[in-house]
Each structure stands twice: as C-alpha cells, then as structure tokens.
C-alpha cells in the first residue's frame, strides 16, 4: 500500500489547489488515493457529516468538472451552504478528482480549467512571533520541529508546530519572566502553557503570559481571539484579562473574542463554566460585553469556535464583521464604496480556501466585490 505522510499529503493538496503541483507530484497523489480505496480517509468533522451524500456529491462534481468548458476557470461547486457540501467539492479537488482525471479521461487536466492562479492569495498559515522577556523576537515560522531553549525554570520546545512550555516540579522558584506570542494577520498558532493549558490563537492576536506560574494565580492577557482548554486547578485559579475584563476558569473550554476593532467582546463557553464579573456561563452561552454592559445569550458554541475547526461561520454576522474576519485571515485590506447592505448572513465557508475561491462563494450571498492586489473593495 502506498503511503504519504500527513505533512506531505497536505503539501500536495495545497499545490493542487494553487496550480503549482508538478506532473510527478500529481501522479504520486493519484497513486496514493487509488491505493487507499478500501481504507477510511479522514475528513474533518467541520467539513463532512453525511457519507452517502458526500460520495454522491463528489462523483457529481467530478463528472461535471471533466466536461466543463475551458472558459470556466474553476469548479463553481466549491462553496456553501453546509458542511458536507463544502467537503464534497473540496475533497473532489484534493483527492478523487486527480485520480479520475488521470484514469478516466486518459489525459491530464487543463491547468487553465481546474487550477487556480499561483498568484491567488492563500489563507493563513501556521506562524507567530515570540517576544521574550528581554525584548528578543523569535520568528516561530522559521523554527524546525524539536527546537528548544531554556528560560528561567522553563524549557520551551517546538513540537509538531506547537510551542510547548514545561517546568519541572522540582524546579526552584525564580523571578517570574514573561513572554508574548503574537500572530500577525495571515498567521495562526497554538501553544501549551507551563501548567498544561492549551491555547489556540486566531490571526491578528497576542497572548502575554509567564513562562512559569507562581504558587497563587495563573494570569494571562489576551488581545484578539483565543480558544482555551484550561488545565483546571481549583487551588490556582486561571484568569484571562481581556478588554478590561477578567474571565475566570472553573474547569473549562471556551473562546474569547476581544479584538480592538470589534464593537463587542464575546466569551463563549464550550464545556465547564467560566465567571465574568458576577456572571457564570453555562455551555452554549455567550457573554457579550459592550458599552451598555454585559448580556448573555444562548448560541451554538461550534459557531464561535468555527475558526479553530477550519471554517468561517457567518451565522448572525453582518458584512462588516465578515470582512474584518477575512482581512485578518488573508492579510488583506478591505474598503467599502457606498453604503453596505447590513443584512445578517447565514452559512459556513472553509478557511482553507484561497481568497478568490472564498469570494466566488460569497457571490452567492450577493456580495459584490473587486480584488486588486491585497485590497478588496466591497460594493452595495
């Protein structure tokens, strides 16, 4: 059986999407797919939910794409509106599509028909800037797996694209030193804090934290958006300071959205409980903080953490909020000409799509736009 590592397969998938895959690489990927016909192939939960419909959709898209006119630059069935639809068309491009185009049509696909321009803007990649206590900046994108360093009593290591802090229990206490990890626009990253708490940072965010916690509180400061899976310890409360508020964990997985350019700060509970002021949240509740105070509403928590799971959820969002998300994720500037339509949107779109693919999908939501370099203009 032909095997490809997950890293190599992801690399080939990206090359297929961007039109940079070589003939040899495309054939390698086709052989891999063909040799795994009898095995389960993992598709993220956020992209697929119905196996039978998933398969039918793939086959329909494949046959349609092979017969497509050369004037159609891409398969228009890539996007929206629900999870298995997105999975069907994306998985077609990444897997079965290569295999059938090579074996059924007897010739290679026309690059102008199925491949996107290599100059299309790619989605965010894994990467961040680590600022040490002494001001030294480390570009995490450039560090290889296994890189490690020592700070105070902590050892920091890069493990499979994640920054991991470890502090021996026997380590003598020293003066607390702080690091800050920042994800610019177009980057995302995750890390494990010295207490075992896991943090995922969305694009355009930063987290300020000690490299080892003291014997009382565990306190970090967040700007932007982060998803936290807290290592609960009742004797040492975990607290997050964001936008002037303190969020306290009580055995929890939760999301905090505290971007400076957002009109509201939102904390959404997935599991456990959190405390904000005198308010305790239950799972699937969201605390919304604005100039008028704090309100609590019930939502689907998966909508709030869609970004962590690989897709945009635009449910209940207006065009301004959607464009702020897109601006951070693709590192583009967005401007409006005329008064935008302020209707609320519904739907989900994969975050692995290129900018052109994403906006081609937004056409179906009647979003009118123009892309020039790294500037997107939205029209009424």
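Coordinate-derived values only; no laboratory data. Just so it is clear, the model here is predicted, and its values are computed rather than measured. In this analysis, Cβ positions are derived from the backbone assuming ideal geometry, glycine residues included, and neighbour counts consider all displayed protein chains.
Relative to the compact-globule scaling 2.2 N^0.38 Å, provide the ratio for the alpha-carbon radius of gyration of the stretch 222-380.
Working it through for the stretch 222-380, the quotient is 1.13.
Looking at the stretch 298-380, what % of the alpha carbon pairs are farther apart than 22 Å? Walk me through the intermediate numbers first.
On the way: 651 of 3403 pairs.
Looking at the stretch 298-380, the distances longer than 22 Å represent 19 percent of pairs.
Give the shape of the stretch 199-283 as rounded, prolate or oblate, defined through the alpha-carbon gyration tensor: a ≥ b ≥ c are the square roots of its eigenvalues, a/c under 1.5 means rounded, and otherwise the shape is prolate if a/b is larger than b/c and oblate if not.
oblate
Compute the relative contact order of the stretch 311-379 as a whole-number percentage, counting only Cα pairs closer than 8 Å that sit 6 or more residues apart in sequence.
41
Principal axes first, then extents: for the Cα atoms of the stretch 164-236, list largest minus smallest coordinate on each axis, whole Å, largest first.
On the principal axes, the stretch 164-236 reaches 39, 24, 17 Å in Cα extent.
Does the stretch 204-243 come out rounded, prolate or oblate by the C-alpha gyration tensor, with a ≥ b ≥ c the root eigenvalues, rounded set by a/c under 1.5 and, if not, prolate when a/b is larger than b/c and oblate if not?
Cα axes put the stretch 204-243 in the prolate bin.
Highest mean first, what order results for 143-150, 155-162 on Cβ atoms within 10 Å? Don't skip to the end; give the middle numbers.
Numbers: 143-150: 11.4, 155-162: 15.5.
So the peptides 143-150, 155-162, ranked by packing, come out 155-162, 143-150.
Remind me, relative contact order of the stretch 125-304 in percent, using alpha carbon pairs under 8 angstrom and six or more residues apart?
Worked out over the stretch 125-304, it gives 12 percent.
So if we plug the beta-carbon distance of residue 273 and residue 178 into 1/(1 + (r/R0)^6) with R0 = 30 Å, what FRET efficiency do we get, rounded to 0.05? Please report the intermediate quantities before stating the final value.
Working: r = 28 Å, r/R0 = 0.92.
E(calc), rounded to 0.05, equals 0.60.
Could you tell me how many cubic angstrom of Cα convex hull volume the stretch 125-304 has per residue?
119
Ordered by packing density, taken as the mean number of other Cβ atoms within 10 Å over each peptide's residues, highest first, how do 184-195, 226-237 rank?
The packing order, highest mean first, is 184-195, 226-237.
Using packing as a proxy for protection, rank 258-271, 339-352, 287-300 so that the peptide with the highest average count of other Cβ atoms within 10 Å comes first.
258-271, 339-352, 287-300
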